[in-house]
Amino acid sequence: MGRWPWHFEQIGEFMKRHRWVGPQVIAAGTVVALLTMVGSLPVSAASAGRHPGPAGLLPAVRGVHNTANKPADKGGDSGESDEVMDSAQQFAAVRTAPALSVSAAAFTAAAAQARKLPQIGGRWREVTDQPYNADALNYRDPIWSNSSGGAGLVSGRMTALAVDGQTVFAGGAAGGVWRSFDGGRHWTPVFDQQGDLSIGALAINPADHSIWVGTGEANTNADSYSGDGIFRSDNEGRTWHLVGDALPNDLVYQLTFDGAGHVYAATSHGLLRHSATGLHQPWETVLKPDPNPDNSPYRTSFITDVKVQPGTGGQVVIAPLGWRGGTLPGDTAFNGFYESTDGGHHFSEVTPTGNLAGATDLGRTTFAYSADGHVLYALVESSATVALKGVFESASGNLAGPWTLIADSKKLAASNSAFALSGGRVGTQSWYNQALIVDPKNDSHLFVDLEEVFETNDAGATWTTTGPYWNFPYPCWSVVPSQNTCPNTVHADQHALAISGGTLYTADDGGVYAHPLADVGVVKWHDLNATLHTLEYYYAGIGAAPSGRGDYIWGGLQDNGVSLLRPTAERMVSPFGGDGGDVIINPANGNQAVNEYVDLSMASTTNGGRSDGSVEVYNTISPSCANPIYTSNPCDPNARFIAPFSADIHDINHWVAGGEFVWDNQGKGWGTNCSATTCDWVPVHDTGAGHSINAIANSGNVTYAGWCGNGCNPAGSAPFTSGIDTNFGGTWHTVSSPVLPNRIPTSFIIDPANAAHVIVTYGAFSRKWIPGGGVGHVFQSFDGGTTWTDVSGNLPDIPAASSVVWHHKLVVGTDLGVFATSASSPGDWDRLGSNLPPAPAVDLKVSPDEGYLLVATHGRGLWRLG
């Protein structure tokens, strides 16, 4: 969830002005796959990739698409959707620029390279293996905290659900498949031996209770990775088998069984069908209406759902082609409703009637039949506005209708929607948040997943917000615990629904939640995230515990704020809400931290963010023009969604930060102040109009800043550019070198003994896969950037995200895992450590005593080696 301002009545304006949102969808932290954010419009969830695991477990790899362009604002509040888009665009560009997309073959090749490398080091151990409490007492800063919002224990973005009695399976955006035998109280990961942890769909075959997994998250945000196939397990996830041929560039929306021996897969490359019992024959494409003559990544026939009408013996199969829109008008030319009445052998487009008659903007759509098949519901996004078109009912059960509109954004907002009361427009992210389910015992009892969970018990005549976005706008809420009488709710941004027995389950950007089905219209949720560990980190930092025993470990997360793990605590806490970004932590004192919301909106604390809720413990110190608390003068107009800042490697009180400008806090450390009138941050260099810094490092009076131009957007109107600016030698200048690639710099290491000795890493892929992308991912200079040497050697050709020197090794985190080489003679790389899940390794940190190495993954939390 995002954060809420100190004056609650300003929340609405805050959301509109500052694109407030929850999750960012981009790369999922694990292994080889990159985002498949198809399209180019606002995305509301974002972020993460994955990284490879131990030998033999490297992923097969999938393609990456950067959908950086946003559609024009259609009116109303699109803030949250815009924020998700920003996050997604950033994550995607680092992995694709200067191109818009990368073939899945690039990942496959990189994985093959990685498998050939020796493995060194010990065994990675999970650090974030305890519950993460988003509502912890005493961490309720009145400006920057979301604690007490009601989400309870949270995890990372979950995208799919399947239930069979008390056995629940849940799929993570980049966290793999998890199984619970007790209704979600205890979870175990069961998919880590596969190469792709990005999950799009789960389904249980009623005929034999086998569990099926469709890889490739289908929410079309930038950190939605494409998959590498559909898998089946006959023993509750203990072993898996690939079904048919691999589908290396697909996103999977839905898996459905027809009861006649077939399984259907709704994918980003059409509707597929396969035997529900056999494994080895290839998938059959039964519906792919768009001929896609120009090979557009948005016209591959996005089939967003598939349902078999109950009572027809598998003969009536319906599916929508629902590309969400936001790209070229022709990309939605074949959008519509399609039906087969002969068991999937032939499909025809159906012209809807009633309130959908003449509709030309049918976008992403989800269907739900009543148990007997006599009633059909549809949740429809508009491809014209890229927002909710409405919830519709076909009382006859016919795909043609007539369709009756039973809910739109305004009607759902009036159901006591917390999102609407906070200034949001319900359904603004229906291209990203979408699920629908009917109570199997009551045709009129329907649940709708958007940003919140909505419920009707009378077929849409009336609605209630059963799962509010948060509790802040309600009279029952108070920051004072004894006066806060609100029941727990869900986390924001819903993605999947399931019903088993008397329990409703929803999966969202904060994990999995359960609700008693019989408590109609009542907010009564139980979080099921105590042992579900799928957090999606961007950055991490470490500082010694004040007690001298152990360390405080901080980390910025996609849509789950900033986490703090203390050495003796049974639970992690969240002192800082919203989308957490970069962090600075004093290695000698873990209570001293600088946290980031988005767009370089920074705040500092000297007591570990601890508060009773009445006194502000964070000091807002942002020079960003997008800072929600004030606008400093001057301010930075072009900070990235997750903008970088860092401390001088010799002086923890000297900080530099990057937007378009390089900012210097003049060595004032935790005494740094900033307001609308005065600010200790000084702009010391302008990288150029429209440029944005993606990586920055400082040693004394020398700074290196890696930037990308044209808004870092390879889909922009101007040619993509990138570069490194430094003041080494006394004056600021842009490094010129034929060796460095035209891709986005992602990290720097400066030699503490010699500021002229610097290492830089780069994202994306080489020119073999990206025309104009150059060669290499790791480069070294001994003369302040005048000349460079490519030290990538045998490192797999995969986006590199972070780098450190640890135990005389140069260590690099990538979307395929962690690799190491000699720091004194780099170029001969090894895979570092075993037991790391295949989630993207997005940040690396060395502990204050240098005893262990910490890796932040986007999808499977934090892990340590040593």
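Out of curiosity, is Phe748 buried (at least 20 other Cβ atoms within 10 Å of the Cβ) and either closer than 20 Å to His685 by Cα or free of Cβ contacts under 8 Å to residues at least 12 places away in the same chain (or both)?
It is true that Phe748 is buried (at least 20 other Cβ atoms within 10 Å of the Cβ) and either closer than 20 Å to His685 by Cα or free of Cβ contacts under 8 Å to residues at least 12 places away in the same chain (or both).
Looking at this structure, is Leu854 part of a strand (DSSP E or B) and open to solvent by 10 Å² or more (accessible area, probe 1.4 Å)?
No.
Out of the residues in region 106-140 that are surrounded by fewer than 23 Cβ atoms within 10 Å (Cβ to Cβ) and of a type in the set (Lys, Arg), which is modelled with the lowest pLDDT?
Taking the candidates together, the pick is Arg115.
What about Lys809, is it of a type outside the set (Gly, Ala, Ser) and without any contact (Cβ under 8 Å) to a residue 24 or more places away in the chain?
It is true that Lys809 is of a type outside the set (Gly, Ala, Ser) and without any contact (Cβ under 8 Å) to a residue 24 or more places away in the chain.
Of the numbered conditions (1) out of contact with any helix residue (DSSP H, G or I) (no Cβ under 9 Å at 6 or more places or on another chain); (2) surrounded by 16 or more Cβ atoms within 10 Å (Cβ to Cβ); (3) part of a strand (DSSP E or B), Glu349 satisfies every one except a single condition; which is it?
All conditions pass for Glu349, except number (2).
Do we find a residue being of a type in the set (S, T, N, Q) and within 22 Å of Ala276 (Cβ to Cβ) anywhere in region 187-196?
yes
Provide a single number: the residues in region 698-712 that are among the small types (Gly, Ala, Ser) and either surrounded by 24 or more Cβ atoms within 10 Å (Cβ to Cβ) or over 26 Å from the mean Cα position of the chain (by Cα) (or both).
Qualifying residue count, region 698-712: 4.
What strands (runs of 3 or more DSSP E) completely inside region 197-316 contain at least 3 residues that are touching a residue at least 12 places away in the same chain (Cβ under 8 Å) and within 23 Å of Leu362 (Cβ to Cβ)?
Once the strands (runs of 3 or more DSSP E) in region 197-316 are filtered for at least 3 residues that are touching a residue at least 12 places away in the same chain (Cβ under 8 Å) and within 23 Å of Leu362 (Cβ to Cβ), what remains is 252-257, 262-267, 270-275, 284-287.
Any idea which residue in region 625-649 is farthest from Ala801 (Cα to Cα), counting only those that are of a type outside the set (S, T, N, Q) and touching a helix residue (DSSP H, G or I) at 6+ places or on another chain (Cβ under 8 Å)?
Pro628
I'm trying to understand the selection: among the residues of region 713-732, which are touching a residue at least 40 places away in the same chain (Cβ under 8 Å) and either surrounded by 21 or more Cβ atoms within 10 Å (Cβ to Cβ) or among the small types (Gly, Ala, Ser) (or both)?
Scanning region 713-732 gives Asn713, Pro714, Ala715, Gly716, Phe720, Ser722, Ile724, Asp725, Thr726, Phe728, Gly729.
Which ones in region 487-511 are touching a His at 6+ places or on another chain (Cβ under 8 Å), assigned to a loop (DSSP other than H, G, I, E, B) and either without any contact (Cβ under 8 Å) to a residue 60 or more places away in the chain or surrounded by fewer than 24 Cβ atoms within 10 Å (Cβ to Cβ) (or both)?
Within region 487-511, Asn488 is the sole residue that qualifies.
Give region 643-661 a look and list any residue that's part of a strand (DSSP E or B) and open to solvent by less than 20 Å² (accessible area, probe 1.4 Å), or say none.
If the condition is that a residue be part of a strand (DSSP E or B) and open to solvent by less than 20 Å² (accessible area, probe 1.4 Å), then Phe645, Trp655, Val656, Ala657, Gly658 are the ones that fit.
Val818 is checked against (1) open to solvent by 20 Å² or more (accessible area, probe 1.4 Å); (2) assigned to a strand (DSSP E or B); (3) within 26 Å of Ser198 (Cβ to Cβ) and fails just one. What number does that condition carry?
(1)
Could you run through region 821-850 and say how many residues are open to solvent by 10 Å² or more (accessible area, probe 1.4 Å), assigned to a loop (DSSP other than H, G, I, E, B) and more than 14 Å from Arg125 (Cα to Cα)?
Going through region 821-850 one residue at a time, the tally reaches 9.
Looking at region 399-414, which of its residues are surrounded by fewer than 21 Cβ atoms within 10 Å (Cβ to Cβ) and either more than 24 Å from Pro352 (Cα to Cα) or polar (S, T, N, Q) (or both)?
Thr404, Ala413, Ala414 - these are the residues of region 399-414 that are surrounded by fewer than 21 Cβ atoms within 10 Å (Cβ to Cβ) and either more than 24 Å from Pro352 (Cα to Cα) or polar (S, T, N, Q) (or both).
Restricting attention to region 255-289, which residues are crowded, with 18+ Cβ neighbours inside 10 Å and among the aliphatic types (A, V, I, L, M)?
Residues satisfying the conditions are Leu255, Val263, Ala265, Ala266, Leu271, Leu272, Ala276, Val286, Leu287.
Those residues that are in contact with a Leu (Cβ under 6 Å, 6 or more places away or on another chain) and more than 21 Å from Asn249 (Cα to Cα), I need them from region 293-325; list them, please.
If the condition is that a residue be in contact with a Leu (Cβ under 6 Å, 6 or more places away or on another chain) and more than 21 Å from Asn249 (Cα to Cα), then Ile318 is the only one that fits.
Give the residues of region 770-780 that are without any contact (Cβ under 8 Å) to a residue 40 or more places away in the chain and open to solvent by less than 60 Å² (accessible area, probe 1.4 Å), sorted by residue number.
Scanning region 770-780 gives Gly774, Gly776, His777.
So, of the residues in region 435-468 that are of a type in the set (A, V, I, L, M, F, W, C) and assigned to a loop (DSSP other than H, G, I, E, B), which turns out to be nearest to Ser396 (Cα to Cα)?
Ala459
Rundown of residues vs (1) surrounded by fewer than 19 Cβ atoms within 10 Å (Cβ to Cβ); (2) in contact with a Gly (Cβ under 6 Å, 6 or more places away or on another chain), yes/no style:
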residue: Phe334; (1), (2): yes, no
residue: His345; (1), (2): yes, no
residue: Asp361; (1), (2): yes, no
residue: Thr365; (1), (2): no, yes
residue: Ala371; (1), (2): yes, no
residue: Ala378; (1), (2): no, no
residue: Thr385; (1), (2): no, no
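Can you give me the number of residues within region 415-445 that are closer than 21 Å to Leu362 by Cα and either crowded, with 23+ Cβ neighbours inside 10 Å or in contact with a Pro (Cβ under 8 Å, 6 or more places away or on another chain) (or both)?
The qualifying residues number 11.
For region 469-481, indicate whether the set of residues that are part of a strand (DSSP E or B) and open to solvent by less than 40 Å² (accessible area, probe 1.4 Å) is non-empty.
no
Can you pull out the residues in region 601-642 that are free of Cβ contacts under 8 Å to residues at least 60 places away in the same chain, in a loop (DSSP other than H, G, I, E, B), hydrophobic (A, V, I, L, M, F, W, C) and in contact with an Asp or Glu (Cβ under 7 Å, 6 or more places away or on another chain)?
Cys625, Ala639
Taking into account only those residues within region 684-729 that are among the hydrophobic types (A, V, I, L, M, F, W, C) and out of contact with any strand residue (DSSP E or B) (no Cβ under 8 Å at 6 or more places or on another chain), which is modelled with the highest pLDDT?
Once the filter is applied, the top-ranked residue is Ala689.
The values are calculated or read from the model by the stated rules, or taken from the named source; none is laboratory data. Being a predicted model, the structure only gives us computed values, none of them experimental. Because the Cβ atoms are built from the backbone with ideal geometry, glycine has one as well, and the counts that use them run over all protein chains shown. The protein model used for the area step is the full one, side chains on, heavy atoms only, and it has no ligands, DNA or RNA in it. Shrake-Rupley method; radii C 1.70, N 1.55, O 1.52, S 1.80 Å.
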